[in-house]
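Structure first, then comments.
The values are calculated or read from the model by the stated rules, or taken from the named source; none is laboratory data. Note that the structure is a prediction, hence the values are computed from the model and not measured. Here the Cβ is made from the backbone with ideal geometry for all residues, glycine too, and neighbour counts use every protein chain on show.
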Amino acid sequence: MKSKWLFLTIAPCDAAEPWQLGFQDAATPMMQGIIDLHHDIFFFLILILVFVSRILVRALWHFHYKKNPIPQRIVHGTTIEILRTIFPSIIPMFIAIPSFALLYSMDEVVVDPAITIKAIGHQWYRTYEYSDYNSSDEQSLTFDSYTIPEDDLELGQSRLLEVDNRVLVPAKSHIRIIVTPADVPHSWAVPSLGVKCDAVPGRLNQISISVQREGVYYGQCSEICGTNHAFTPIVVEAVPSKDYGSRVSNQLIPQTTGEASAEMKE
Amino acid sequence: MVNNTQTLAEQYYVKDEQVKTDEVAKPVEVKDVEKPKEAPSQEAVVEKIVEETTPIAPAVAAEKSSEVAPPAEASTEEPSSGSVEEENSEDQDAAEETPEIKLETAPADFRFPTTNQTRHCFTRYVEYHRCIATKGEDAPECDRFAKYYRSLCPGEWIDRWNEQRENGTFPGPL
């Protein structure tokens, strides 16, 4: 196999690619909204850019000191003053209204989530707790997620993005993620899911996502959290909720017997 | 303003006789049905799913320990294969006694509509222990509060609070 084509194996994943300029593909309505807002705003941005550069170039051209040493001395024009006051105040409104609509719709949680996952940042790994199925304070499905060192990478895995234990979530259901660190501020960010939430010590931040398609989503820590900040990636694996149920209960069995809690930790 | 409206504290006060509130956790299946209307990206999404199935496979294999047979695989094999494998999978199922998990968790609470859920977790913890104090150690009415706070609070916090309660230094109103 030609190794130069190996990048194709990661192409279907929702991870950053070399020289990427655009967004990663959206997997949640939130990210779709962000991309749409970006395109909406870019419409006005290009419009203003073209208009302003045209005025600038025209002014430089027509009022060149050799060509036109004594320019016209207009000091007042009511029509143009009205126009250049009204339009610049309308355009920000066209940008602000969809922007605020998106902002508040992302913030608010309208429906009851199906599962709660606690993403706890550590220096420098992440711990995930699935405690919806507990019947006591002690037992809970908890595992650590470490990055895979460069030497242990297998062909097709992304450098500094792959972890040993991925976060398993059901697709097409509402998920609450509680983000908090145990030591210094961290951040939990996955671009494809449109999520970037800072983890502040002593505080629980909630984000609610609903992954619309099965897949593996990659993200990285987005808050400088120490030396190994670059080595604390996030990998979210969305599976159909049927498979989620069976895989979580498979993990719960060793927990209830208690013998394999060490196995989860490794 | 008429004075007979209850304050939040009164509404959530654990009474001697437990009144059923309407915020009992609903099953999740309902949400799957209502999903399409809020997913504008779905048509775009469907074509993506096809090409995504391959890269997951190695991780799946690695995560599952060898002695625990995944029931999902077993069920797909059953219709195509002979009776021998069917028996095998049944034996395995019986041996495992897979606990059927219900997808439910602490509901969205109108008292805590913001991103900051710190007090949500704390309040649920306090509510549970006040419930226990009123109704006795293993009252079934308190179970849902226990589920809520376990879903919301990090294990480390719960351990710390449990310790504080034993020492009598817990800062909350118990």
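Miscellaneous remarks
- Breaking point among (1) of a type in the set (A, V, I, L, M); (2) in a loop (DSSP other than H, G, I, E, B); (3) modelled with pLDDT of 80 or more, for A:Met1: (3)
Yes or no, residue by residue, for (1) among the polar types (S, T, N, Q); (2) loosely packed, with under 14 Cβ neighbours inside 10 Å; (3) in the same structural domain as A:Ile175 (by the TED database); (4) within 34 Å of the chain's Cα centre (by Cα):
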site: A:Val50; (1), (2), (3), (4): no, yes, no, yes
site: A:Phe63; (1), (2), (3), (4): no, yes, no, no
site: A:Gln72; (1), (2), (3), (4): yes, yes, no, no
site: A:Gly77; (1), (2), (3), (4): no, yes, no, no
site: A:Ile95; (1), (2), (3), (4): no, no, no, yes
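- Any chance A:Ile117 is in contact with a strand residue (DSSP E or B) (Cβ under 7 Å, 6 or more places away or on another chain) and not hydroxyl-bearing (Ser, Thr, Tyr): yes
- Which listed residue, of A:Ala119, A:Ala101, is assigned to a helix (DSSP H, G or I) and not acidic (Asp, Glu): A:Ala101
- Candidates are the residues of segment A:181-240 that are hydroxyl-bearing (Ser, Thr, Tyr) and surrounded by fewer than 23 Cβ atoms within 10 Å (Cβ to Cβ); the one that is nearest to the other protein chains (Cβ to nearest Cβ) is A:Ser208.
- For segment A:107-138, a residue qualifies if it is touching a residue at least 24 places away in the same chain (Cβ under 8 Å), at the interface with chain B (Cβ under 10 Å from one of its Cβ atoms) and in contact with a helix residue (DSSP H, G or I) (Cβ under 7 Å, 6 or more places away or on another chain), and the qualifying residues are A:Val111, A:Ala114, A:Thr116, A:Tyr130, A:Tyr133.
- Yes/no for A:Ser99 being more than 14 Å from every other protein chain (Cβ to nearest Cβ), within 24 Å of the chain's Cα centre (by Cα) and among the small types (Gly, Ala, Ser): yes
- Some residue of segment A:143-156 being buried (at least 17 other Cβ atoms within 10 Å of the Cβ), within 30 Å of B:Phe145 (Cβ to Cβ) and either outside the structural domain of A:Leu204 (by the TED database) or over 24 Å from the mean Cα position of the chain (by Cα) (or both): no
Results for (1) outside any loop (DSSP other than H, G, I, E, B); (2) among the β-branched types (Val, Ile, Thr), shown as yes or no for each residue.
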site	(1), (2)
A:Leu37	yes, no
A:Leu47	yes, no
A:Phe51	yes, no
A:Arg54	yes, no
A:Lys66	no, no
A:Val75	no, yes
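- For A:Ala230, the conditions (1) small (Gly, Ala, Ser); (2) in contact with a helix residue (DSSP H, G or I) (Cβ under 7 Å, 6 or more places away or on another chain); (3) not in a loop (DSSP other than H, G, I, E, B) all hold with the exception of (2).
- Just one of the numbered conditions (1) part of a helix (DSSP H, G or I); (2) within 17 Å of the chain's Cα centre (by Cα); (3) at pLDDT below 90 is not true of B:Ala133: (2).
- Hits in segment A:14-35 (condition: within 14 Å of chain B (Cβ to nearest Cβ), in a loop (DSSP other than H, G, I, E, B) and under 22 Å from A:Ala171 (Cα atoms)): A:Ala15, A:Phe23, A:Gln24, A:Asp25, A:Ala26, A:Ala27, A:Thr28
- Checking each residue in segment B:109-118 for being more than 12 Å from B:Ser151 (Cβ to Cβ), part of a loop (DSSP other than H, G, I, E, B) and at the interface with chain A (Cβ under 7 Å from one of its Cβ atoms) picks out B:Pro113, B:Thr115.
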